[in-house]
Amino acid sequence: MLTIFATGKAFRGHSAIIQRNAIESWKRLHADVEVILFGDEEGAGEIARELDLRHEPRVERNEFGSKRLDWMFLRAQEIARHEILCYSNCDIMLAPDFCEALEKVRAMHRRFLMVGRRWDTDIAEAWNFDAPDADEKLARFARERGTQRGYDCVDYFAFRRGFYAELAPLVVGRIWWDHWLVWKARKMRGHVVDASEMVTAVHQNHGYEYHAAGVQGVWGDAQAKRNYELAGGHWHLHTIADATHILDANGERANYRRWWAPYWRYLRPQIAPVWFAVLNATRPVRRWLGLRSGVRSRLRAGTLHPSRP
C-alpha cells in the first residue's frame with residue numbers, strides 16, 4: 001500500500017519520544033505500511049527491531065558527515081515493497097486522513113507529489129495510541145493547541161516510485177532541500193498537490209541541540225549555503241504555495257495563485273522593510289482610530305523559512 005522512509009537523530013531524550021511517536025503513527029496508517037529507517041544513529045537499530053521496521057544503517061554522507069538526501073531517495077525507491085512512497089521528517093505524526101488524501105491523489109494523477117502544511121504542536125510525552133479514538137484526538141489536539149505553519153515548511157513528500165530518478169546531492173539537517181524537491185517535481189511536469197485542507201500533519205516542536213550554533217547554524221552554516229548553491233538558488237526553490245492543485249474533502253481544484261508565488265517571494269524582502277516602516281510611523285494614528293492590522297502575520301505566513309529536520 002505505502003512505504004514511508006525517513007532518517008532521524010539519536011533516539012535519546014525528547015528526540016526519542018517524538019521520533020517514536022512519529023513512527024508509531026505511521027505504522028497505524030494501514031495494515032500494510034512499510035517503514036524504512038535510514039541511518040545508524042544511537043537507538044535506531046533497537047527501535048527498528050522493536051517496531052518491525054526495515055533498518056538501513058548505511059547512508060552516503062558528505063565530507064561533513066551529513067546524510068545525503070539523493071542517496072536515501074534513490075535507495076528507498078529501489079528497495080521499497082510498494083509503488084507509492086513517502087519521505088517524512090521523523091518528527092511528523094500522521095493520521096488516517098493522510099491515506100484518504102493519498103488515495104484520491106494517486107487515482108487522479110500518474111506523476112504527482114503530495115505535500116501539505118503542518119501543525120506545530122507541543123508534545124513532550126509518548127502519545128497514547130491505545131486510547132479510544134487516538135487518531136481523532138491527535139488531530140483535534142493539534143488543531144486546538146497547535147499552530148498551522150505557512151507554506152514554507154514542507155515535511156512530507158508522497159510520490160510514485162521512479163518519480164525522483166535524478167536528484168541533487170543535498171543534505172538533510174540543513175535548509176533548502178525541501179523547497180528544491182517541490183521545484184524538481186514542477187520541473188519534471190509532475191502535479192504538485194497541496195493536501196493541507198485534508199491532512200493534519202502534526203509537527204512535534206523541538207530544539208536544535210544537534211547543531212553547536214542551534215537553529216542559526218542549521219539555517220546559515222557552510223552546509224546550508226552549499227545546499228542553496230547545489231539547489232540552483234532562489235528560482236529553484238518552491239514551497240507549498242507553488243502547488244498546481246489543492247485537495248479538500250470535496251475534491252481537487254487548480255491553484256491559480258501558484259503563478260504569483262515565486263515573484264512574491266522575490267519581492268517580499270524588498271517590500272517588507274518599507275511596509276513595516278509605514279506601520280511603525282502610523283501606529284499612533286492607528287491606535288487612536290482603534291484599527292488593527294493583520295498584514296504582519298500574513299507576511300510572515302508566506303516567508304521562506306527552513307523546514308524543521
Cβ-Cβ distance below 9 Å, separation of 6 or more or different chains: which pairs start in segment 174-194 with a residue that is in a loop (DSSP other than H, G, I, E, B) and end on one that is of a type in the set (Val, Ile, Thr)?
Arg174/Val218; Ile175/Val218; Gly190/Thr244
Taking segment 245-263 as the search range and keeping residues that are within 21 Å of the chain's Cα centre (by Cα) and among the basic types (Lys, Arg), which one is surrounded by the fewest Cβ atoms within 10 Å (Cβ to Cβ)?
Arg257
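Can you work out which of the residues in segment 42-69 that are of a type in the set (A, V, I, L, M, F, W, C) and farther than 26 Å from Ala231 by Cα is surrounded by the fewest Cβ atoms within 10 Å (Cβ to Cβ)? Before the answer, list the steps.
Of the residues in segment 42-69, the ones of a type in the set (A, V, I, L, M, F, W, C) are 44, 47-48, 51, 53, 59, 64, 69.
Filter once more, keeping what is farther than 26 Å from Ala231 by Cα: 44, 47-48, 51, 53.
Working: Ala44: 22, Ile47: 19, Ala48: 18, Leu51: 14, Leu53: 21.
Only one residue tops the list, namely Leu51.
Pick from Glu56, Glu78, Glu50, Glu34: which is acidic (Asp, Glu) and touching a residue at least 24 places away in the same chain (Cβ under 8 Å)? Steps first, answer last, please.
Working: Glu56 fails: touching a residue at least 24 places away in the same chain (Cβ under 8 Å); Glu78 fails: touching a residue at least 24 places away in the same chain (Cβ under 8 Å); Glu50 fails: touching a residue at least 24 places away in the same chain (Cβ under 8 Å).
Among Glu56, Glu78, Glu50, Glu34, only Glu34 is acidic (Asp, Glu) and touching a residue at least 24 places away in the same chain (Cβ under 8 Å).
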Which condition number in (1) under 21 Å from Ala134 (Cα atoms); (2) of a type outside the set (S, T, N, Q); (3) in contact with a strand residue (DSSP E or B) (Cβ under 7 Å, 6 or more places away or on another chain) is the one that Glu24 fails?
(3)
Picking from Leu85, Leu29, the residue that is outside any loop (DSSP other than H, G, I, E, B), in contact (Cβ under 8 Å) with a residue 40 or more places away in the chain and either in the same structural domain as Asp122 (by TED's automatic domain parsing) or touching a strand residue (DSSP E or B) at 6+ places or on another chain (Cβ under 7 Å) (or both) would be Leu85
So which residues in segment 1-19 are closer than 14 Å to Ser88 by Cβ and in a helix (DSSP H, G or I), if there are any at all?
Ile18, Gln19
Looking at Asp120, Asp133, which is the one that is assigned by TED's automatic domain parsing to the domain that holds Val33, at positive phi and surrounded by fewer than 19 Cβ atoms within 10 Å (Cβ to Cβ)?
Asp133
Selection from segment 64-92 of residues closer than 14 Å to Gly173 by Cβ and over 21 Å from the mean Cα position of the chain (by Cα) yields Phe64, Gly65
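Counting only residues that are within 12 Å of the chain's Cα centre (by Cα) and within 18 Å of Ile240 (Cα to Cα), which one in segment 159-179 is modelled with the lowest pLDDT? Break it down into steps so the answer makes sense when it comes.
Filtering segment 159-179 for residues within 12 Å of the chain's Cα centre (by Cα) gives 172, 175-179.
Now narrow it down to the ones that are within 18 Å of Ile240 (Cα to Cα): 175-179.
Values: Ile175: 87, Trp176: 94, Trp177: 96, Asp178: 97, His179: 97.
That would be Ile175.
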Exception for Asp242 within (1) surrounded by 20 or more Cβ atoms within 10 Å (Cβ to Cβ); (2) at pLDDT below 95; (3) of a type in the set (D, E, K, R) falls at (2)
Does Phe73 qualify as being among the aromatic types (Phe, Trp, Tyr), surrounded by 18 or more Cβ atoms within 10 Å (Cβ to Cβ), in the same structural domain as Trp176 (by TED's automatic domain parsing) and touching a Leu at 6+ places or on another chain (Cβ under 8 Å)?
yes
Does Cys99 count as at pLDDT 95 or above, under 21 Å from the mean Cα position of the chain (by Cα), buried (at least 21 other Cβ atoms within 10 Å of the Cβ) and of a type outside the set (Ser, Thr, Tyr)?
no
Taking the residues in segment 139-175 that are more than 18 Å from Ala195 (Cα to Cα) and aliphatic (A, V, I, L, M) as candidates, determine which candidate is surrounded by the fewest Cβ atoms within 10 Å (Cβ to Cβ).
Ala165
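The values are calculated or read from the model by the stated rules, or taken from the named source; none is laboratory data. This is a predicted model, so every value here is computed, not measured. Ideal geometry is used to build each Cβ from the backbone, glycine not excepted, and the neighbour counts take in all protein chains shown.
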